[in-house]
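Readers should treat all values here as calculations from the given coordinates under stated rules, not as data from a laboratory. What you see is a predicted model; the values in this text were computed from it and never measured. Here the Cβ positions follow ideal geometry from the backbone for every residue, glycine too, while neighbour counts run over all protein chains shown.
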Amino acid sequence: MRSSLAGELRRIEAQGLTRHRRVLESPQGAQVVVDGREFVAFCSNDYLGLAGDPRLVAAAREGAARYGVGAGASHLILGHATAHHALEAALAQFVRLPRALLFSSGYLANLGIVTALAGREDAVFADKLNHASLNDAVLLSRAAFRRYAHGDLDALEKLLAASRARRKLVVTDAVFSMDGDIAPVPALLRLCERYGAWLVLDDAHGFGVLGATGAGVLEHCGVASERIVYMATLGKAAGTFGAFVAGEPALIEILVQRARPYIYTTALPPLIAHALLAGLGIIAAEAWRRERLAQLIARLKRDVAALRWQLAPSDTAIQPLMIGANDEAVRVSEQLAQRGLLVPAIRPPTVPPGSARLRISLSAAHREQDIAQLVDALREIERKS
Ligand SMILES: *Cc1c(COP(=O)(O)O)cnc(C)c1O
């Protein structure tokens, strides 16, 4: 047993795929402390800079005073507190859908949606670059798993047209987590309407960031439909933790009754829900955070254009700098760290083989000078390599 694990670890090492964790000593943010040293970080999904916001910290404290620390039970037993209930109503209103349901994480929400809606007689159609949690969800559901090439609507249409499944689900990241591009939601919706399928949208990276009020990809694309199963996470732009699903009342009620990752897990600590209630108001009111982020994205794209390494086409806060080889991506990431800049190298199996990259993620908390420092460092590393 032990030697087979050691052999597996050696193979991971030989492929340049060993992963290491850094220990973060400060709150998450654009400036962080790791191993006693300060860095400018381009690693977090804290796109609006809210993870350490003093107002959210104060709300969490108030929530702890009012509700204690732990939920102590699942939602269906006695873990569903006033704060959860109020937050679900506020989230539904925020994304302009009839009803919302909290989950303890985005991973669990995806498992819950797909396993509650699809089984052996059903089929799930999935973009090849979807998040791992959506893929795991399909495997767990035992539905037929049909994957189409990234963004290939013709391929999707052929699969839908050929399917005799009882229920059809098209599932997609709304903003692709390692590429940053936005799914063609209106066109996907038209296909779903034509072939009687549901459209499951994972808006982990759009919620709070896309749309004038931060309501996410639906606001950004100006679409609404009873076929949409909308999922977003609350640990990214919302700066906190958890996730929710929103849609038609019957859909939400089925999830309450059937979604095992909803039923068999402890509810989020209610203090988190209390902090999120405060956070939602800030997300909507402080449009300057989205505007600032857009300026930083434009600045990065303009400055990187002169480098040999190129950014993948993306208009979101996720800006992948394509490197190619695993070891080179790791080396560039390490050389940036030596210069006080943290940018994660993303390697297979998270991304397809040969497409290792630096995943630069921007936040409204970054300063113009942070971008300038990053681009200068990349230019210098490129020149020496
Ligand atoms: C982060 C992420 C998830 C998982 O959400 P958690 O709340 O972190 O479990 C799901 N889908 C996508 C696209 C993500 O980026």
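For chymotrypsin sites (Phe, Trp or Tyr not before Pro), the sites in the stretch 214-294 that DSSP calls loop and that have at most 13 other Cβ atoms within 10 Å are TYR264. A Cβ-based charge dipole, computed about the Cα centre of the chain with Lys and Arg at +1 and Asp and Glu at -1, lands at about 680 debye.
Ordering THR316, LEU293, ASN326 by Cα displacement along the dipole of the stretch 284-327 toward the positive end leaves LEU293 in first place; charges were set at the Cβ atoms of Lys, Arg (+1) and Asp, Glu (-1).
Which of the GluC sites (Glu not before Pro) found in the stretch 12-120 are loop residues per DSSP with 14 or fewer other Cβ atoms within 10 Å of their Cβ?
GLU25
Take the Cα of TYR195, step 7 Å toward its Cβ, do the same at LEU78, and the gap between the two points is 4.8 nm.
The charge dipole of the stretch 293-385, taken about its Cα centre with unit charges on the Cβ atoms of Lys, Arg (+1), Asp and Glu (-1) only, comes to about 80 debye. Need the C-alpha centroid separation for the stretch 125-165 versus the stretch 247-267, integer Å. Going from one Cα centre to the other spans 22 Å. The ranking of ILE346, ILE263, ILE228 from fewest to most other beta carbons within 10 Å of each one's beta carbon is ILE263, ILE346, ILE228.
Are there any helices in the chain, counted as whole DSSP H runs, that stretch 24 Å or more along their axis by Cα and score at least -1.0 on average by Kyte-Doolittle, and if so which?
Both cut-offs are met by 287-304, 368-384.
Label the stretch 36-147 by shape, choosing from rounded, prolate and oblate, from the square roots a ≥ b ≥ c of the eigenvalues of the Cα gyration tensor; if a/c is under 1.5 it is rounded, and otherwise prolate applies when a/b is larger than b/c, oblate when it is not. In terms of gyration-tensor shape, oblate.
The ranking of ILE77, ILE282 by Cβ neighbour count inside 10 Å, starting from the fewest, reads ILE77, ILE282. The aspartates and glutamates whose alpha-carbon is closer than 13 Å to the alpha-carbon of LYS236, local same-chain residues fewer than 8 away aside, are ASP46, ASP202, ASP203. Annotation: extensible slack from LYS158 through TRP288 equals 42.5 nm (criterion: 0.36 nm per residue apart, minus Cα-Cα distance). Here is how the number arises for the chain: DSSP H runs of 4 or more residues each give -39500 (n - 2.57), the sum is divided by the residue count, and the result at 222 nm is -13500 deg cm²/dmol. Applying both filters, DSSP loop and at most 14 other Cβ atoms within 10 Å, to the GluC sites (Glu not before Pro) of the stretch 174-259 gives GLU226. Note on HIS75, HIS274, HIS85: ascending count of other Cβ atoms within 10 Å places them as HIS85, HIS75, HIS274, the fewest first. Tell me, how many Å apart are the Cα centres for the stretch 166-188 and for the stretch 1-67? Rounded to whole Å, the Cα centres lie 27 Å apart. Simple rule: put +1 on each Lys or Arg Cβ and -1 on each Asp or Glu Cβ in the chain, find the dipole, and look at HIS85, GLY208, ALA71; the Cα lying farthest toward the positive end is ALA71. Within the chain, DSSP assigns beta bridges of which about 55% are antiparallel (rounded to the nearest 5). Not counting the cut sites, what is the longest span of the chain without trypsin sites (Lys or Arg not before Pro) that DSSP labels loop and that have at most 11 other Cβ atoms within 10 Å? That gives 165-307 as the longest site-free run.
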